[in-house]
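The values are calculated or read from the model by the stated rules, or taken from the named source; none is laboratory data. Computed from a predicted structure; not experimentally measured. Because the Cβ atoms are built from the backbone with ideal geometry, glycine has one as well, and the counts that use them run over all protein chains shown. Protein only, heavy atoms only, side chains kept; ligands, DNA and RNA dropped before computing areas. Shrake-Rupley method; radii C 1.70, N 1.55, O 1.52, S 1.80 Å.
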Amino acid sequence: MAIRILGAGIAGLTATFEFARTGCDVELVECRERPGLGCSFLAGGMLAPWCEAESTEKLVLDLGLESLQFWTESVPVATRQGTLVVAPARDRAELSRFARRTSGHEHIDAGRIAALEPDLAGRFEEALFFPSEAHLDPRAAMAALAARLASFANVALRYGVDAGPASAGWTVDCRGLAAQDALPDLRGVKGEMLVLSTHEIALTRPVQLLHPRHPVYIVPRGDGRFMIGATMIENEEPGRITARAMLELLGAAYCLHPAFAEAEIVETGAGVRPAFPDNLPKIRREGRTVYVNGLYRHGFLLAPALARRAVQYVLEDAYFPEVMDAHPRQRQSA
Ligand SMILES: Cc1cc2nc3c(=O)[nH]c(=O)nc-3n(C[C@H](O)[C@H](O)[C@H](O)COP(=O)(O)OP(=O)(O)OC[C@H]3O[C@@H](n4cnc5c(N)ncnc54)[C@H](O)[C@@H]3O)c2cc1C
């Protein structure tokens, strides 16, 4: 079967991979000159399904566990060192609240924090440790996926080409926010981030700093680089990072460790996350086009699980009520 995938963000790349693995002939069409330059370029790369349960539905945990397997087995680019969640002493109530709303964690003391992250010794009295969580470098992960796809004989990669008119076969639309033209309830949620560089501090796993106003995470990228993210703002303006966001992100990094004050700011950026009103991902169909979208703040965490469902929907008429509005038997004829 011939499948055309639109958009080489994390949704489109994982969909191409999963369709190709079934033996379909897949054409991946991306309007930019390289894959992964959309919202996915700005992601932190947290694969934290248990932590996410604090603020989202159990669906994200279930799909996230499936995707974790993808990132550790099918395309093994993730590091599984867990996530550390800490709070300044004045915000300790936040840590208790976070613990009540999540599972899969251990409550650890200062000694264990120091054993896990020696550079945080003496900085926090307690923390939550989520040992089974993972993280990845989004840009490296997408490059690895794209390289795998380039080696498949049944995949054609077309970069720098706009989608163009629909073809006769199935189309899987993974255009992220650009699919607003077909998905009117899709909105953008801006996320600002920055990357710091310093060799004064080392971390081996993501650390989330709780704060009543803006929880912030710091993801180690290796070679002394740290991604600090991310704001959540209800607007669709890409690119520009505000002074307020910069202050808040830098303040959180400084609160985690004062050594970040001497770090070099090597990158700032803002992406717009595609989200549906309930902030949950969806697979929708219109004619012979299947839309995979609404990955919101969980693109890397959810895309592999969504891709697998899209394949089973197209090839086997499978029905996944957790991400689909209608049963495939109600499909419109092409
Ligand atoms: C600051 C920030 C931090 C984040 N941190 C995390 C995190 O830690 N973990 C996590 O899981 N998620 C995170 N996310 C969320 C994640 O980045 C998004 O959910 C994800 O990138 C959405 O992927 P996508 O493939 O749907 O969209 P995109 O990445 O935007 O991809 C869509 C692609 O379609 C292409 N396109 C558009 N129009 C056309 C057309 N007409 N023809 C062909 N191609 C087209 C675009 O060029 C683009 O490449 C974060 C997001 C932000 C902004």
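Results, tabulated for the structure shown:
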item: For Arg297: the one exception among (1) within 15 Å of Val172 (Cα to Cα); (2) touching a residue at least 60 places away in the same chain (Cβ under 8 Å); result: (1)
item: The stretch 240-257, subset in a loop (DSSP other than H, G, I, E, B) and either aromatic (Phe, Trp, Tyr) or more than 11 Å from the ligand (Cβ to nearest atom) (or both), residue modelled with the lowest pLDDT; result: Arg240
item: Residue, farthest from Leu13 (Cα to Cα), within the stretch 138-167, restricted to residues that are without any contact (Cβ under 8 Å) to a residue 24 or more places away in the chain and in a loop (DSSP other than H, G, I, E, B); result: Pro165
item: Which listed residue, of Leu59, Leu65, Leu84, Leu128, is buried (at least 20 other Cβ atoms within 10 Å of the Cβ) and either under 20 Å from the mean Cα position of the chain (by Cα) or hydroxyl-bearing (Ser, Thr, Tyr) (or both); result: Leu84
item: Top-ranked residue of the stretch 54-80 - restricted to ones that are part of a loop (DSSP other than H, G, I, E, B) and modelled with pLDDT of 95 or more, ranked as farthest from Ala303 (Cα to Cα); result: Arg80
item: Scope the stretch 273-301; condition in contact with a Pro (Cβ under 9 Å, 6 or more places away or on another chain), within 7 Å of the ligand (Cβ to nearest atom) and part of a strand (DSSP E or B); matching residues; result: Asn293
item: Lone qualifier among Gly44, Gly12 - being within 19 Å of Thr204 (Cα to Cα) and near the ligand (Cβ under 9 Å from one of its atoms); result: Gly44
item: Leading residue by the ranking (surrounded by the most Cβ atoms within 10 Å (Cβ to Cβ)) among those in the stretch 87-111 that are of a type in the set (A, V, I, L, M, F, W, C) and not in a helix (DSSP H, G or I); result: Ala87
item: Subset of the stretch 1-31 (residues that are part of a loop (DSSP other than H, G, I, E, B) and under 18 Å from the mean Cα position of the chain (by Cα)); result: Gly7, Ala8, Gly9
item: Leading residue by the ranking (farthest from the ligand (Cβ to nearest atom)) among those in the stretch 174-189 that are outside any loop (DSSP other than H, G, I, E, B) and open to solvent by 10 Å² or more (accessible area, probe 1.4 Å); result: Arg187
item: Checking Phe226 against (1) within 16 Å of the ligand (Cβ to nearest atom); (2) of a type outside the set (Gly, Ala, Ser); (3) surrounded by fewer than 19 Cβ atoms within 10 Å (Cβ to Cβ), the condition it does not meet; result: (3)
item: Out of Glu234, Glu264, Glu192, sole residue that is among the charged types (D, E, K, R), at negative phi and more than 16 Å from the ligand (Cβ to nearest atom); result: Glu264
item: Scope the stretch 41-78; condition under 23 Å from Met324 (Cα atoms) and among the polar types (S, T, N, Q); matching residues; result: Ser55, Thr56, Ser67, Gln69
